[in-house]
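First the structure, in the form of structure tokens, and then the observations on it.
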Amino acid sequence: MHVLILGGDGYLGWPTAMYFSQRGYEVTVADNYFRRNSCLELDVGMLYPLPSLAERAAIWYRRTGKEIKVVIGDLREAEIMRSLFSGTVSYDWAINKSFTGVPETIVHYAEQPSAPYSLINYKYANTTISNNLLVTNNLMFAVRDFSRDTHIIKLGTMGEYGTPNIDIEEGWLTVRHKGREDTFLFPRQASSLYHTSKIMDTDLMWFGVRMWGLRVTDLMQGPVYGMLTEESGVDERLKTIFNYDEIFGTIINRFIVQAIVGYPLTVYGKGGQTKGVLNINDTLQCVYLAQKHPAESGKLRIYNQIMETFSVNELAELTRRVGVKLGYEVQIEHIENPRVEAEEHYYNPAYHGLLELGVKPHYLTEESMEEMFTVVERYKKNIRRDVIFRGIKW
Ligand code: USQ
């Protein structure tokens, strides 16, 4: 089985590559270093430095004897995407440089993933929309033209649904209208341009499914937290990228860093915003189980990829409790919300599909948060207070 991971250098991409490799899959990763380059360009820092993707693959090979092939390239260029299927690809790192063959599964993470990034100004909005849509479209056509049976696992996001005043279903809604009934994609109303680009991705894939019988799984993921996975334990240098800044850091990771450096936890507005969250190890399980049980051809299968829900206030309170237990003085500050979003809302998403596939959730507890504190503490001297909050306004 060959798994191709697009965006294999990112926060989720690299741990996913090791996870599949560890389980005996042939793995190829492709990435253009968007995330690292943006961290440099925007000067947002990261908790610790990272080896290059080729260095990571070489370390992984030395430690486990398993090969992860690396392609550095911009997947907005259709020919680079197509080379991954046609066999004309040139690997930037591999033990065996011959073509592995078309992938049976593709995990598509090759997206600009940040809501604040997408609203810095019109240029960053353009980068978000052009990157996310072009890569998805290039992928769709490559699969259509070279390997229609390949299963595409695409990362969507819970933010596509917004915060409707009804229960959120897993992707689809059956509507009765004037005595007739049909099933449609669940209504979507995103609150950032990043999230809007993800809605458009879904629409592209839904088109490919209807026209050409592609098989697609869309994983509607909530904010992910954590950094250690079983495979990253193999070598200190294999840890994934960890951002705590306003642009690329997600809320739980950010709050832990803030608590450690004595920066008052930045709760935006009233803090009643509620999100479905998950541990990075659960992302890996979900993607793996989606691969094991692929969508049928001609089907767009959608799962809500969250394990539990918390409001921002609850997350801040949990961080404060854990921080105080560990001897930190943790303040919580409600600051003016730079985003346009509902700060108090109804939120009741369904999320049983992945549990039925067999995911065993790692819940967020005081103990699991304490473990994250102990890892972040080791890098305390690297933390830059100036990147924690800049106030990118919607
Ligand atoms: N928030 C604060 N204080 C902060 C940072 C965030 O109150 O310092 C609030 C935000 O206003 C928001 C919530 O916490 O209501 C979550 O913010 P976030 O930055 O953790 O997450 P978000 O911008 O929604 O995006 C992240 C990932 C994205 C993924 C998404 C899943 O960056 O790639 O798709 O989570 S979801 O939010 O379910 O759409």
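The values are calculated or read from the model by the stated rules, or taken from the named source; none is laboratory data. None of these values were measured; they are calculated from a predicted model. Note that we place each Cβ from the backbone using ideal geometry, even for glycine, and neighbour counts take in every protein chain shown. Ligands, DNA and RNA are excluded from the accessible area calculation, which covers all protein heavy atoms including side chains. Shrake-Rupley method; radii C 1.70, N 1.55, O 1.52, S 1.80 Å.
Here are some notes:
- GLY45 vs. criteria open to solvent by less than 50 Å² (accessible area, probe 1.4 Å), in contact (Cβ under 8 Å) with a residue 60 or more places away in the chain, under 25 Å from CYS286 (Cα atoms) and of a type outside the set (Asp, Glu): no
- Among the residues making up the range 334-368, those that are closer than 19 Å to LEU265 by Cα and without any contact (Cβ under 8 Å) to a residue 60 or more places away in the chain are THR365, GLU366.
- Residue in the range 12-31 that is farther than 19 Å from HIS151 by Cα, at pLDDT 95 or above and part of a loop (DSSP other than H, G, I, E, B) present: no
- Some residue of the range 103-123 being modelled with pLDDT of 95 or more, touching an Asp or Glu at 6+ places or on another chain (Cβ under 9 Å) and more than 30 Å from ILE251 (Cα to Cα): yes
- Test: residue in the range 255-271 that is more than 12 Å from the ligand (Cβ to nearest atom), in contact with an Asp or Glu (Cβ under 8 Å, 6 or more places away or on another chain) and hydroxyl-bearing (Ser, Thr, Tyr): no
- Residue in the range 59-69 that is open to solvent by less than 40 Å² (accessible area, probe 1.4 Å), under 22 Å from the mean Cα position of the chain (by Cα) and under 15 Å from LYS97 (Cβ atoms) present: yes
- Selected residue [in contact with a strand residue (DSSP E or B) (Cβ under 8 Å, 6 or more places away or on another chain), open to solvent by 10 Å² or more (accessible area, probe 1.4 Å) and either within 25 Å of ALA190 (Cβ to Cβ) or in contact (Cβ under 8 Å) with a residue 40 or more places away in the chain (or both)] from ILE72, ILE106: ILE72
- Qualifying residue in the range 168-180 (condition: under 16 Å from the mean Cα position of the chain (by Cα) and not aromatic (Phe, Trp, Tyr)): no
- Test: residue in the range 367-377 that is in a loop (DSSP other than H, G, I, E, B) and hydroxyl-bearing (Ser, Thr, Tyr): no
- Candidates LEU278, LEU289, LEU315, filtered to the one that is open to solvent by 10 Å² or more (accessible area, probe 1.4 Å) and of a type in the set (A, V, I, L, M): LEU289
- Check on THR309, closer than 19 Å to ARG384 by Cα and of a type outside the set (A, V, I, L, M, F, W, C): no
- Unmet criterion (only one of (1) away from the ligand (no atom under 16 Å from the Cβ); (2) part of a loop (DSSP other than H, G, I, E, B); (3) open to solvent by 10 Å² or more (accessible area, probe 1.4 Å); (4) in contact with a Ser or Thr (Cβ under 8 Å, 6 or more places away or on another chain)) for PHE248: (1)
- Selection of the range 188-242 for residues being part of a loop (DSSP other than H, G, I, E, B), within 11 Å of the ligand (Cβ to nearest atom) and crowded, with 22+ Cβ neighbours inside 10 Å yields SER192, GLY222.
- Counting the residues of the range 345-358 that are farther than 15 Å from ASP167 by Cβ and in contact with a strand residue (DSSP E or B) (Cβ under 9 Å, 6 or more places away or on another chain) gives 2.
- Residue in the range 266-275 that is surrounded by fewer than 23 Cβ atoms within 10 Å (Cβ to Cβ) and hydrophobic (A, V, I, L, M, F, W, C) present: no
- Taken over the range 75-85, the residue count meeting the criterion of being surrounded by fewer than 17 Cβ atoms within 10 Å (Cβ to Cβ) and either aliphatic (A, V, I, L, M) or closer than 20 Å to TYR25 by Cα (or both) is 1.
- Scanning the range 307-359 for residues that are among the basic types (Lys, Arg) and near the ligand (Cβ under 10 Å from one of its atoms) turns up just one, ARG339.
Residues are listed down the side, and each one gets a yes or a no for (1) among the charged types (D, E, K, R); (2) more than 30 Å from GLU230 (Cα to Cα); (3) surrounded by 15 or more Cβ atoms within 10 Å (Cβ to Cβ):
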site	(1), (2), (3)
PRO338	no, yes, yes
HIS362	no, no, yes
GLU366	yes, no, no
LYS380	yes, no, no
ASP386	yes, yes, no
